[in-house]
Every structure is written in C-alpha cells, then in structure tokens.
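Notes follow once the structure below has been shown.
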C-alpha cells in the first residue's frame, strides 16, 4: 500500500513533453497498415531529464511506451544557480549540430521547438541556443542531450584539477567582468 501512495507524488513532479508524432505506412496485400512513433522528453524541472521514442499501432500507446522508456533513462544535469548552463556547449548527433550558451537572468529560453522541450523539461530558464545543419527532431533532441550530459560543473573541474571550487569560479567571474568591461568600451 505504501508504494501505491508514493507513486502519484512522483508522477505529479515529472514534466512530460511530446516533441513529435510520426506516421509510418507499411503496404500489405489488403492496403496500407499504419503505425505511429512518438518522441517524448521527460524531466523534473530541477535538473533531471530523459528522452525516448516509442512505436505502436496507436498514438496513445506509442506515447505511453516512449514515456516509460524516457523515465528509465533519466540523468542528472548540473545547472548553474538552477537556471542556466555552466559554460558554452557545442554538440552533434548525425547531421544535426547544436550550440548552447548560458544567459543572464531574465533572458528566457531562446531555442527552437525540439530544443525548447528539452530545456523546459530540464528546468532551464535562461539559455540561448542555435541549431545548425539538419532539423530532424530526433537528432536535435539527441544532440542537445549529448551536450547536456557532457556539461561539467565547476565542482567536477576542480576535483579533476585538484583545486578548490573558489579558484575555478573566481576565474570564470573575472573573465565575464573583463568581457563586460570590453563590451562597454566597444560601445563608447
């Protein structure tokens, strides 16, 4: 009984985004036989995300299968201040290439449809992105996820370099201040 009571709470926290539904026709002796594929992104809005595609004879079944697989494949992504990325990312999958950059507070999500679904499910609120090359939704989602999985937090980098987190962050903040000062000088 306790397990059944716990399940609805988990379901209410998870954000499900249906990215794409595709129809495939197989020609058989009696005519065409249709099946459907669904690409789904799920996340908790706090840094956990997963994606999957499902295939079935009916759309609801395809969406259900994809959602179940996506929940099983969820991974944790480190976020900066819970709202943006730690650094610039360039990633690719197939012919799709994506570029993602952190953004200041209040920028919002600047992204196309497939990438926007990933960012919303992840819980990012400030990010600038651009998709280059193919606009295939499956490859765009896969490229975005590949980039996010490769994202490293200052804590990870500090551990690898045997330094303190403060040293890594102070360099990043100093670099941003220099860029802001340079931008002000360019405008004058």
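Below is a table of values for the structure above.
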quantity: Condition met for residue 24 (closer than 14 Å to residue 138 by Cα and either in a strand (DSSP E or B) or at pLDDT 95 or above (or both)); calculated: no
quantity: Entirely in the stretch 64-179, the helices (runs of 4 or more DSSP H) that have 3 or more residues that are surrounded by 13 or more Cβ atoms within 10 Å (Cβ to Cβ) and out of contact with any helix residue (DSSP H, G or I) (no Cβ under 6 Å at 6 or more places or on another chain); calculated: 113-122, 137-150
quantity: Residues of the stretch 106-123 satisfying the condition of being in contact (Cβ under 8 Å) with a residue 24 or more places away in the chain and out of contact with any strand residue (DSSP E or B) (no Cβ under 6 Å at 6 or more places or on another chain); calculated: 113, 120, 123
quantity: Residue count, the stretch 49-58 (criterion: buried (at least 16 other Cβ atoms within 10 Å of the Cβ) and over 14 Å from residue 14 (Cα atoms)); calculated: 4
quantity: Checking residue 85 against (1) closer than 14 Å to residue 149 by Cβ; (2) free of Cβ contacts under 8 Å to residues at least 24 places away in the same chain, the condition it does not meet; calculated: (2)
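The values are calculated or read from the model by the stated rules, or taken from the named source; none is laboratory data. The model shown is predicted, which means the values in this text are computed figures rather than measured ones. Note: ideal-geometry Cβ built from the backbone for every residue, glycine included; neighbour counts use all protein chains shown.
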